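To start, the structure under review is shown below, and the notes come after it.
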Amino acid sequence: MNEHVCRTCGGPLEAQRVTRLQQYAGHWYLIENVPALVCRQCGEQYFTPDAHDLVVDLVSGGGEPVRTEMVAVYDAERSST
Ligand SMILES: [Zn+2]
């Protein structure tokens, strides 16, 4: 596998820090500044196994989050009511 080419569009990948949304044990968590490879063409994000492990460690470790945000949730199936 070529680590530096986007699997979706073939564009060049660039190392960046991104915000990742992760579901864990039925709850959603935001993790900021996760190292990722981001496609400069389509914006697709790729995470290394190490970055994924880091995210799981953070959300499963029970440590204090830097802050807590309220998240508004919508259901597209109910948008007509
Ligand atoms: Zn791409």
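Every number in this text was worked out from the coordinates using simple rules, so none of it is lab data. Small disclaimer: the values here were computed from a predicted structure and weren't measured. Methodologically, a virtual Cβ is constructed for each residue, glycine included, from the backbone with ideal geometry; neighbour enumeration extends over all protein chains shown.
Numbers at a glance
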quantity: Degrees between helix 49-60 axis and first principal axis of the chain (Cα, 0 to 90, nearest 10); calculated: 10 degrees
quantity: Along each principal axis, Cα extent of the chain, largest first, Å; calculated: 41, 40, 19
quantity: Stretch gain in nm, segment residue 14-residue 68, where the contour uses 0.36 nm per residue and the Cα spacing is subtracted; calculated: 16.5 nm
quantity: Choice from 69, 32, 44 showing the highest fluctuation, given a GNM over the chain with Cα pairs closer than 10 Å; calculated: 69
quantity: Virtual spin-label span in nm between residue 7 and residue 47, 7 Å along Cα→Cβ; calculated: 1.4 nm
quantity: Extension reserve of the residue 79-residue 57 stretch, reckoned as 0.36 nm per residue once the Cα distance is removed; calculated: 4.3 nm
